[in-house]
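A.B. asks: Let me begin by handing over the structure; questions about it come next.
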Amino acid sequence: MIAEHRHLVQQGAKMVELRLDYINGEVNLRRLLTDRPCPVVVTCRRQRDGGKWPGTEEQRLMLLRSAIAEGVEYVDLEDDIAASIPRYGKTKRIVSLHDYRKMPENLAETHARLAALDADIVKLAAMANSSHDNLRMLELIRDSDVPTVGICMGDIGTPSRILAGKFGAPFTFATFHHERTLAPGQLSFQQMTDVYHYERINADTTVFGVIGDPIAHSLSPIVHNAAFARRDINAVYVPFRVPREHLSQFLADAPALGIKGLSVTIPHKETVIKKLDDTDESMSGIGAANTLLFENGKIVGYNTDYRAALGSLKPVVEEHPGLRGDLAKHTVLVLGAGGAAKAIAYGLKQMGADVVIAGRTAQRAQQLAKALDCRTVDWANRYSLNPDVLVNCTPVGMHPNVDATPYDKHHLRPAMVVFDTVYNPENTLLLKDARSQSCTVVSGVEMFVRQACLQFQQFTGEEAPADLMRDVLKRAIGPARY
């Protein structure tokens, strides 16, 4: 613990929590505290509060009193013991409540009860069961007279940890290593500093983000936050896990969270259309949005997927001897019938291609084919065609299922162009097979970077640092992933 403490300070940590309940055996408090390199919070959590303390309650209380006698900067006291441990010396009191099941119905009343226990800081950590819980907790932080650390636990609640500084929390919590999460939804110190640049977040920080379910796998925060830092823009890009049933409430909450723009991914690209006040011209043809802007009380939708996909495909088409720079009258087989497939098929139709849709759900594929006036083929019969271009818009082959492919190797022909929209990993099994069959390949990384650049420009009005975004993405999907 001493070694990790010193290492974190070297990495820039300004305060460290010492979780005494994680120490096996007798706790040598004086050894932990002597010559400490930065201020500390001493915490010893019971098992019922999510901790690991194996001893008696009397021993635990004695340890906390001893820490105060040693003059630690902060001590964490649960609400039911705070009254029995008096203030002493300069040690400041964090009075805390943890609920790993639910969010209190009346946060204000719960907060007032904690604050009344002679609290210098109130810490309230509760499980988020709705994306609306983030706004409730953050507004509590902002409106409280007593400095408050409010945390929504769980992956739905991760935004509350990142945005705490914007709403006035004195600090937030992160784990010392990404593999040693101490609470659900917690990010590592490295992620908070290197990805989200937490120390730069303040009341004036503009919020952007990505919504989806699931969302933890998204690498968009790494790419966009790096771009904000490069352009010195006071903004943060946050992952928001938003279940389908919470979408309407989340969009209503977005302005209060400070959100000015959003990327949209599965499963919301199509359903979000009904929530928009305005759209760009392509939206009526595509029927899916991957970008939202909040402007003058309205939500405006855009689609950068099709422009990014065609921008990635066009140079290859122009140089391919069989296509001669034109997709007109050439057959393109699109695998998938979701939001990305809609956007790309729409763009391909604009280029005059003979588009054929093969979706794993036949009804969705038929609906898409009808909407775009193109052909469809059953998923089981997708090998009956001899397409000039194959575009995978399914998630098959995406990390961690890297040994899967949506199209068997033996049906790939040397003259084909194979475009996989999956970007993690960059070299999917489909692309590996395509190269082995001497096909021309286009990776999803290029499309991802192009659409991220288009979104960045819409979000900020500035040109995106494309080379940086590409480098950051490739490092993230390489061996040293966060």
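The values are calculated or read from the model by the stated rules, or taken from the named source; none is laboratory data. Note that the coordinates shown come from a computational prediction; the quantities given were computed from them, not determined experimentally. All Cβ positions, even for glycine, are placed from backbone atoms using ideal geometry, and neighbour counts span all protein chains on display.
A.B. asks: Looking at 360, 307, can you tell me which residue is part of a loop (DSSP other than H, G, I, E, B) and out of contact with any Ser or Thr (no Cβ under 6 Å at 6 or more places or on another chain)?
C.D. replies: 360
A.B. asks: With the requirement that a residue be of a type in the set (D, E, K, R) and closer than 19 Å to residue 220 by Cα, what does the range 237-295 give you?
C.D. replies: Of everything in the range 237-295, those that are of a type in the set (D, E, K, R) and closer than 19 Å to residue 220 by Cα turn out to be 241, 260, 269.
A.B. asks: Which residues, taken from the range 375-394, are part of a helix (DSSP H, G or I) and of a type in the set (Ser, Thr, Tyr)?
C.D. replies: Selection gives 383, 384.
A.B. asks: Could you please give the count of residues in the range 101-121 that are surrounded by 13 or more Cβ atoms within 10 Å (Cβ to Cβ), farther than 24 Å from residue 155 by Cβ and polar (S, T, N, Q)?
C.D. replies: Counting residues in the range 101-121 that are surrounded by 13 or more Cβ atoms within 10 Å (Cβ to Cβ), farther than 24 Å from residue 155 by Cβ and polar (S, T, N, Q) gives 0.
A.B. asks: Determine whether the range 9-28 contains at least one residue that is assigned by TED's automatic domain parsing to the domain that holds residue 171, over 16 Å from residue 176 (Cα atoms), in contact (Cβ under 8 Å) with a residue 40 or more places away in the chain and surrounded by fewer than 18 Cβ atoms within 10 Å (Cβ to Cβ).
C.D. replies: no
A.B. asks: I'm trying to understand the selection: among the residues of the range 246-265, which are loosely packed, with under 15 Cβ neighbours inside 10 Å and in contact with a strand residue (DSSP E or B) (Cβ under 9 Å, 6 or more places away or on another chain)?
C.D. replies: Residue satisfying the conditions is 255 alone.
A.B. asks: Consider residue 80 carefully, then state whether it is among the acidic types (Asp, Glu) and in contact (Cβ under 8 Å) with a residue 24 or more places away in the chain.
C.D. replies: no
Residues checked against (1) modelled with pLDDT of 95 or more; (2) in contact with a helix residue (DSSP H, G or I) (Cβ under 7 Å, 6 or more places away or on another chain); (3) in the same structural domain as residue 294 (by TED's automatic domain parsing):
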{"site": "400", "(1), (2), (3)": "no, no, no"}
{"site": "410", "(1), (2), (3)": "yes, no, no"}
{"site": "415", "(1), (2), (3)": "no, no, no"}
{"site": "426", "(1), (2), (3)": "no, yes, no"}
{"site": "435", "(1), (2), (3)": "yes, no, no"}
{"site": "467", "(1), (2), (3)": "yes, no, yes"}
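A.B. asks: Same structure, new question: Taking the condition surrounded by 24 or more Cβ atoms within 10 Å (Cβ to Cβ) and assigned to a loop (DSSP other than H, G, I, E, B), does residue 343 pass?
C.D. replies: Criteria not met by residue 343.
A.B. asks: Counting only residues that are assigned to a loop (DSSP other than H, G, I, E, B) and farther than 21 Å from residue 30 by Cα, how many does the range 62-85 have?
C.D. replies: 3
A.B. asks: Next question. Please verify whether residue 42 is crowded, with 17+ Cβ neighbours inside 10 Å, assigned to a loop (DSSP other than H, G, I, E, B), in contact (Cβ under 8 Å) with a residue 24 or more places away in the chain and in contact with a helix residue (DSSP H, G or I) (Cβ under 8 Å, 6 or more places away or on another chain), treating the condition exactly as stated.
C.D. replies: no
A.B. asks: Okay, next question. Please go through the range 376-392 and give me each residue that is touching a Phe, Trp or Tyr at 6+ places or on another chain (Cβ under 9 Å) and either closer than 17 Å to residue 348 by Cα or without any contact (Cβ under 8 Å) to a residue 12 or more places away in the chain (or both), ordered by number.
C.D. replies: 389, 390, 391, 392
A.B. asks: Going through 229, 126 one at a time, which residue ends up being assigned to a helix (DSSP H, G or I) and small (Gly, Ala, Ser)?
C.D. replies: After applying the criteria, what remains is 229.
A.B. asks: Quick one: in the range 261-287, which of the residues that are closer than 22 Å to residue 460 by Cα and of a type in the set (Gly, Ala, Ser) is modelled with the lowest pLDDT?
C.D. replies: This residue is 282.
A.B. asks: What's the number of the condition residue 282 fails, among (1) in contact with a strand residue (DSSP E or B) (Cβ under 9 Å, 6 or more places away or on another chain); (2) over 21 Å from residue 434 (Cβ atoms); (3) without any contact (Cβ under 8 Å) to a residue 60 or more places away in the chain; (4) not charged (D, E, K, R)?
C.D. replies: Result: residue 282 passes all but (3).
A.B. asks: Also, I was wondering about something else. Could you tell me which of the residues 135, 140 is assigned by TED's automatic domain parsing to the domain that holds residue 41 and over 18 Å from the mean Cα position of the chain (by Cα)?
C.D. replies: Of the residues listed, the single one that is assigned by TED's automatic domain parsing to the domain that holds residue 41 and over 18 Å from the mean Cα position of the chain (by Cα) is 140.
A.B. asks: Give me the pairs, please: first residue somewhere in the range 442-462 and without any contact (Cβ under 8 Å) to a residue 12 or more places away in the chain, second residue anywhere and in a loop (DSSP other than H, G, I, E, B) and not polar (S, T, N, Q), beta-carbon distance under 7 Å, and either six or more positions apart or on two chains.
C.D. replies: From the range 442-462, the pairs are 457/463; 457/464.
A.B. asks: Continuing with the same structure: Name the residues in the range 355-374 that are of a type in the set (A, V, I, L, M, F, W, C) and surrounded by fewer than 18 Cβ atoms within 10 Å (Cβ to Cβ), would you?
C.D. replies: Passing the criteria: 362, 371.
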